[in-house]
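We did not get these values from a lab; they are worked out from the coordinates using the rules stated. On a predicted model such as this, the values are computed, not experimentally measured, just so you know. Cβ placement follows ideal geometry from the backbone for every residue including glycine, while neighbour counts extend to all protein chains displayed.
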2 protein chains.
Amino acid sequence: MKNVADLAGVGVKTVSRVINQERHVSADTIARVMQAAEQLQYQPDVQAGNLRRADRRTDTLGLLVGSVANPFSAAVHRAVEDAAIHRHVAVFASSLDDDPERERASVEAFLRRRVDGLILTTIQPSQAYLGPQLEQGMPVVFVDRRPNGLVADTVLTDNLDGAARATRHLLGAGHRRIAFLGDSGDIYTAKERKRGYLEALRLEGVAPDAELVIENLGEEVQAEAAVNRLLALADPPTAIFSAQNLITIGVITALRAHGASERVALVGFDDVPMASLLSPAVTVIAQDPTAIGAIAARQIFARLDGNAEPAQDFIVPTRLIERGSGEIRPV
Amino acid sequence: MKNVADLAGVGVKTVSRVINQERHVSADTIARVMQAAEQLQYQPDVQAGNLRRADRRTDTLGLLVGSVANPFSAAVHRAVEDAAIHRHVAVFASSLDDDPERERASVEAFLRRRVDGLILTTIQPSQAYLGPQLEQGMPVVFVDRRPNGLVADTVLTDNLDGAARATRHLLGAGHRRIAFLGDSGDIYTAKERKRGYLEALRLEGVAPDAELVIENLGEEVQAEAAVNRLLALADPPTAIFSAQNLITIGVITALRAHGASERVALVGFDDVPMASLLSPAVTVIAQDPTAIGAIAARQIFARLDGNAEPAQDFIVPTRLIERGSGEIRPV
DNA sequence: GTCGCCTCCGACAACGATGTCAGTGTCTAG
DNA sequence: CTAGACACTGACATCGTTGTCGGAGGCGAC
């Protein structure tokens, strides 16, 4: 900036005024400064400005999602980015990988860089460590999973309702032996979805069978193995509710291998890529990651703009997409 | 930092020394400072430090990809993140959307934030505007597309070879009427893939038919329409080479609708999600986005660590995955 | 005892920008 | 002609941190 000022023959403050489009600079001076800035390829340093600026904004956001390579997370990321770009806010994106240590490291990295706000998916047993930041007025929005030990804005899929709906859909097709395949019970969404499954069974008067409930499936191959076990039972399930994306894919693979995909009904939680092109096409409870990201970003910016209402929950509804696999009736 | 110093009863410089683990601080003082920092939940401001620090590093990277929601881009992003996290480097990720204005805005946003390096996918006709940064020693690596008006490290899929291989594969199955479906000829990868297609035809002595070459397909529905047109020709193609991800999906949808998916052969460039679960399963030329991201990050860090060799091209090979659709023989 | 070296520590300037304030010049109303 | 308002400008302090430098004290070698 000093160089620009020297070249234009003005003081640094005047350059600052021109760059920030403040008033009280003559047209002539503006032209000279602009030309000098152009000539020197001057780019202001937002961090340095931020140091002295009154509002202390860095125009930067920290986003922590499951994994930037996961389609659900990627859609959330994209929605956040689209909201941020309009405000000239840049987004730091990190992957959680359901690793508590990564949560800690990422949040710390964000805070050291003085982001204006945080959008977080979490795995640690408690997020109380963010208390000081919240009190200082930093906007924090949790997405996909509810925080513990802290009250803050949270954007959630309606997991309970979606899982119940999936289960009711299968019950409605006449199924009574419906298996539940889910991932680790430590994860908020997994717990909720299992709860929805059990509740729907209860309301219909169907006693849950522990044999049909398999959890802690982290990867596709584990889901495949689980299906293999289920189909080998004396009284195998006639339908499967798969409570997560990758698990659904594992289930499809395993059912195919057994030649059972036209016989055993399947409803998955969270949409699967290419679902409508598979045969049978896959019935799912679709989430709306774009809405989740958009709402989270909107709330962050509302807070930055002064909204000081009490923390709020945003529940994003799911949508049942009937494509075929969920409408198979028991034999 | 001032507060920590006061609380610990030492000077600010001593706090700085403790935080940065410099030598010449007594164990007793270290303990006092650490305790004060803990008590005040002190987080150093990396940007302020960077202002004065000799190396001027912000431990920050700018990454511009096609779209963070696209699986290919997401995999690149993930690979970059994994490399960065080990060096405590945070990544700004942005989406290009093949919009020149977005390229300009994103790069500017990165530069204003003084990132240590750039990993870019570009769309503008020239990247000469980055000349000054390159000269100042900022590492810039281009991924997926070659830059124009600038010599810099570049990581590319072997588009020419991959496209030629796809075409040869179809020729080898006996096809002579092979359609080419690609996106905008303005895009580097599209040009290269078309070149590979034409070259393979030429080497085999097959005259290209302009009727069978359709370009500028940006979205799935356009690809579907193109297939409809192709199948309505007097002498329709017996095979299709689809030069991009989304186009391949559109082709599959359209072939299905015509009941032609078991009759018309298909090879796609870039893998498609769930490809092996479709019927017929989709034969593709798979790219390796993880390798691309990893190589780009490695090169950025090598440059930051002082590597000053001339700019280099990294060509990442493709892999032909035969799954069925590409092995259909002409009737 | 003195010199030199080393450890430990803090005062101060500086990084690149902005907020404050005061100074100059011009215009308008009385 | 003068006072007051307002446009325009730059000097200076400041943001949170680190580089430089010098001072105080301890220790070993001569």
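I want the antiparallel fraction of DSSP beta bridges within chain A, as a percent rounded to 5. Please list the in-between numbers first.
Details: 3 of 36 bridges.
If I count the DSSP bridges inside chain A, around 10 percent turn out antiparallel.
For the stretch B:2-44, calculate the relative contact order in percent as a whole number, restricting contacts to Cα pairs under 8 Å that are 6 or more residues apart. Could you put the intermediate results ahead of the total?
Numbers: 27 pairs, mean separation 19.0, N = 43.
Relative CO of the stretch B:2-44 lands at 44 percent.
Ordered shortest first, which distances in nm separate the 7 Å Cα→C-beta label point of A:V12 from those of the other copies?
1.6
Shielding of A:83-96 by partners, i.e. mean partner chain Cβ atoms within 10 Å per residue? Write down the numbers at each step before the final one.
On the way: counts 0, 1, 6, 0, 0, 4, 1, 11, 5, 5, 10, 6, 5, 0.
Average neighbour count from other chains, rounded to a whole number: 4.
With the Cα gyration tensor of chain A giving a ≥ b ≥ c as the square roots of its eigenvalues, does the rule (a/c under 1.5 for rounded; else a/b larger than b/c for prolate; else oblate) give rounded, prolate or oblate?
Details: a/c = 3.25, a/b = 2.64, b/c = 1.23.
Prolate is the answer for chain A, as a/c is 1.5 or above and a/b outweighs b/c.
Please work out the Kirkwood hydrodynamic radius for the stretch B:2-44, using every pair of different C-alpha atoms, and report it in angstroms with one decimal place. Let's see the in-between values first.
Details: mean 1/r = 0.1014 Å⁻¹.
9.9 Å is the Kirkwood radius here.
Using a label position 7 Å from Cα in the Cα→Cβ direction, what is the ascending list of nm distances from A:V221 to the same site in the other copies?
Copy-to-copy label distances at A:V221, shortest first: 4.2 nm.
Run the numbers on chain A and let me know its relative contact order in percent, using alpha-carbon pairs under 8 Å that are six or more apart. Present the calculation step by step, with values, prior to reporting the outcome.
Details: 597 pairs, mean separation 56.2, N = 331.
Relative contact order of chain A: 17 percent.
Does the protein assembly as shown come out rounded, prolate or oblate by the C-alpha gyration tensor, with a ≥ b ≥ c the root eigenvalues, rounded set by a/c under 1.5 and, if not, prolate when a/b is larger than b/c and oblate if not? It would help to have the intermediate numbers written out before the result.
Values: a/c = 2.25, a/b = 1.26, b/c = 1.78.
Verdict is oblate for the protein assembly as shown.
Would you mind giving the average projected area, over all directions, of the Cα convex hull of the stretch B:52-156 in nm² with one decimal? It would help to have the intermediate numbers written out before the result.
On the way: hull surface 26.0 nm².
For the stretch B:52-156, averaging the hull's shadow over all directions gives 6.5 nm².
Would you mind getting me the FRET efficiency between A:D313 and B:Q43? Use the beta-carbon distance for r and R0 = 30 Å, nearest 0.05. Intermediate results must be reported in sequence, preceding the final value.
Values: r = 29 Å, r/R0 = 0.95.
Once the sixth-power term is evaluated, E becomes 0.60.
From other protein chains only, count the Cβ atoms within 10 Å of every residue's Cβ in B:273-285, then give the mean.
Values: counts 6, 10, 2, 2, 11, 4, 4, 0, 0, 2, 0, 0, 0.
Across the residues of B:273-285, the mean count of other-chain Cβ atoms within 10 Å is 3.
On average, how many beta carbons from a partner chain sit within 10 Å of the beta carbon of a residue in B:18-24?
Numbers: counts 0, 0, 0, 0, 0, 0, 0.
Neighbouring Cβ atoms belonging to other protein chains average 0 per residue here.
Alpha carbon centre of the stretch A:3-64 versus the stretch A:251-286: separation in Å?
57
Show which lysines lie in cross-link reach of B:K2 when reach means a straight Cα distance below 24 angstrom and same-chain residues fewer than eight apart are skipped.
Reachable lysines: B:K13.
Using a label position 7 Å from Cα in the Cα→Cβ direction, what is the ascending list of nm distances from B:D313 to the same site in the other copies?
Taking the point 7 Å beyond Cα along Cα→Cβ, the inter-copy spacings are 5.7 nm.
Note down the relative contact order for the stretch B:23-104 as a percent, whole number, built from C-alpha pairs under 8 angstrom at least six residues apart.
Numbers: 60 pairs, mean separation 22.3, N = 82.
Once divided by the residue count of the stretch B:23-104, the mean separation gives 27 percent.
Using only the alpha-carbon atoms of the stretch B:216-270, report the extent along each of the three principal axes, biggest first, to the nearest angstrom.
26, 17, 17
Please work out the C-alpha center-to-center distance from the stretch B:183-235 to the stretch B:102-117 and express it in whole Å.
Measuring centre to centre over Cα atoms gives 35 Å.
In nm, give the distance between the simple-model label positions of B:R195 and B:E219, each being 7 Å from the Cα along the Cα-to-Cβ direction.
So the label points at B:R195 and B:E219 sit 3.1 nm apart.
Once phi is turned into ³J(HN,Hα) by the Karplus curve 6.51 cos²θ - 1.76 cosθ + 1.60 with θ = phi - 60°, what whole-Hz value does each residue of the stretch A:108-122 show in order, with x for glycine and proline?
4, 4, 5, 5, 4, 9, 6, 4, 7, x, 10, 10, 10, 9, 10
Beta carbons within 10 angstrom, averaged per residue: use that to sort the peptides B:294-300, A:260-266, B:273-279, highest first. Don't skip to the answer; put the middle values down first.
Values: B:294-300: 23.0, A:260-266: 20.1, B:273-279: 18.4.
Ranking, from highest mean packing down: B:294-300, A:260-266, B:273-279.
If I model a spin label at A:Q35 and B:R229 as a point 7 Å from the Cα along the Cα→Cβ vector, what separation in nanometres do I get?
Taking the simple label geometry, A:Q35 and B:R229 are separated by 5.1 nm.
Kindly work out what percent of the DSSP beta bridges joining two residues of the protein assembly as shown are antiparallel, to the nearest 5.
Values: 7 of 74 bridges.
Antiparallel bridges: around 10 percent, rounded to the nearest 5.
Determine the shape class of the stretch B:159-287: with a ≥ b ≥ c the square roots of the Cα gyration tensor eigenvalues, call it rounded for a/c under 1.5, and otherwise prolate if a/b is greater than b/c, oblate otherwise. Show your work: numbers first, answer last.
On the way: a/c = 1.25, a/b = 1.15, b/c = 1.09.
Here the stretch B:159-287 falls in the rounded category.
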